[in-house]
1. Please sort by residue number the trypsin sites (Lys or Arg not before Pro) in the range 44-91 whose DSSP state is loop and whose Cβ has at most 12 other Cβ atoms within 10 Å.
2. Subtract the Cα-Cα distance of Y352 and F461 from 0.36 nm times their separation in residues, and report this length gain in nm to one decimal.
3. Nearest 0.05, what FRET efficiency do M1 and R454 give at R0 = 60 Å with Cβ-Cβ as r?
4. Assuming R0 = 25 Å, can you tell me the calculated FRET efficiency for the pair L344 and N381, based on Cβ-Cβ distance, to the nearest 0.05?
5. Tell me, what HN-Hα J-couplings in whole Hz come from the Karplus equation 6.51 cos²θ - 1.76 cosθ + 1.60 at θ = phi - 60° for each residue of the range 366-371, using x for Gly and Pro?
6. Among the lysines, which have Cα under 28 Å from the Cα of K82 when same-chain residues fewer than 8 positions away are ignored?
7. Cα-Cα pairs above 21 Å in the range 316-395: how many percent?
8. Determine the alpha carbon to alpha carbon distance for each of K380/K472; K321/K472; K86/K281 and list only those over 28 Å.
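Just so it is clear, none of the values below were taken in a lab; they were calculated from the coordinates. All figures in this text were calculated on a predicted structure; none of them were measured in a lab. As a convention, Cβ positions derive from the backbone with ideal geometry for all residues, glycine included, and neighbour counts pool all protein chains shown.
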Amino acid sequence: MKLAKASILYRALRNSASLGAIFVFSRGFSIQEVNLIAVLSIIIGAGLIIGVNLVWQYLIWRNYNLNLEENNLKITKGVLSKEDRKIPFDRIQNVDIKRNIVHRLMGISQLNVETAGGNKTEASIKHLRSEDANQLRNNLSEGETADTNESSQRQPEYQIGNKELALLSLTSIDGRFIAAVGTLFGVAPSIMESTIEEISLDPTAGSAILLIGGIGATWALGAASTFLRYWKFKLYENEDSLRYERGLLNRAEGEIPLQKIQKLTVEENLAQRILGYATLKIDTAGYSPTQSATKGPEAAIPLAKQERIEEISRKVADTTKTPPEAITTKARRRYVFRYTLLSLISSSVIYYFTGSLVLAAALTTILTAASAAAGHLKWKNIGYSINKKHVVTSKGFWNHRTSYIPYFRVQNLIETRSILQKKWGVSTLDIDTAGTGNILNRTHIPDLDKAKARELRQEIFERFHNSLQKTKAEKKQP
């Protein structure tokens, strides 16, 4: 199988446009006078750049070959030096197809192959004809031979409605835009200082306007990004996989093999929880730590009623919802003590800068009461349960997450204690899977009683061993 011929033109124009942008915005080049010679020089230079790019991209296309062997995907590529790569089918975790607007106009697609244990995307094939990309994805999907068009003609298992899409957009916060706006806050004051002085605006009022504007911009950008990402989201259930498609400007299609699921997570922020909605996310081992830090687990259900989420999670992974067991009450005292200490430090800082004892005392009273409530809510929202097939953990008040991990997917059980935890006699139990990519996505039960943590670790290990033996026995059966 070859790359699409249209990919030659697409990549050549894209690379040429990048070089053109560097030329335009570079301060090292400036045309003092616009005349015929200058215009002709620019046109000839642009033509040469595009021509060289076309020749180079043709050589890449000519030397790029894809072959499906008995148990491997073989990729041969390279112009100056040859590279042969074989990807075993049984290591493939995810196969995704992405198409932006230009891709769709040109009838081409980018196909990404993710494998377990890699530190980056195993293969990013740019770009195949859309028909070839769909066919290759079907061939690479374990046990799946159905045609993509046939799958899309079936009734979807889940389809996001206008109400859910609007609610998801309005209640989602994109961390990338928070970082961008935060960076802007560091630069904007110096830029706006002269403007504030010109319009005789009070500096405090100017800062307030900047703060409100930043919050509004973050919310609006996050809402727009979520809306574009999950536009017309559909989820289809095949025999042994889930297939999704989504996106308005950048259309994405992917497949989640049911046999490769490492963890299911039901997530709901405070607004969604009040309205009775939640998100279902699925972890596989296909995304590297770097990718997981930016992408995170794949959203199988972006937003649906909690009852619908429970129904689909039962269907996908046979999960059962049981009342969580609370962690030790020593943890609650620890949280209250921590927040109270922070409130006292904050009040001391306010008193140091203002010199107002009344203000500091009032602030101390308010923050101390809030610390008690915050400590209790943090403790109340942490729990765990040992089900028949899964270890279940839950945590978070503002953003509550309930994770279901099949016992046979457990990779490591690590009991840790910080210096302060030793003082309180508590431990944290980390439950690692192959899909644990970054610290924000780790599954752990914090602040267990020391003896309980040891007992729980042993119980999960025994269930892991029994589940693994059972899984091996089932695979041996004809």
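1. Within the range 44-91, the qualifying trypsin sites (Lys or Arg not before Pro) (loop, at most 12 other Cβ atoms within 10 Å) are K82.
2. Contour length minus the Cα-Cα distance gives 34.0 nm.
3. So the FRET efficiency works out to roughly 0.65.
4. 0.55
5. 5, 5, 5, 5, 5, 5
6. Of all the lysines, those that pass the test against K82 - Cα under 28 Å, at least 8 places apart if same chain - are K2, K5, K74, K98, K120, K126.
7. 48
8. Violating the 28 Å Cα-Cα cut-off are K380/K472; K86/K281.
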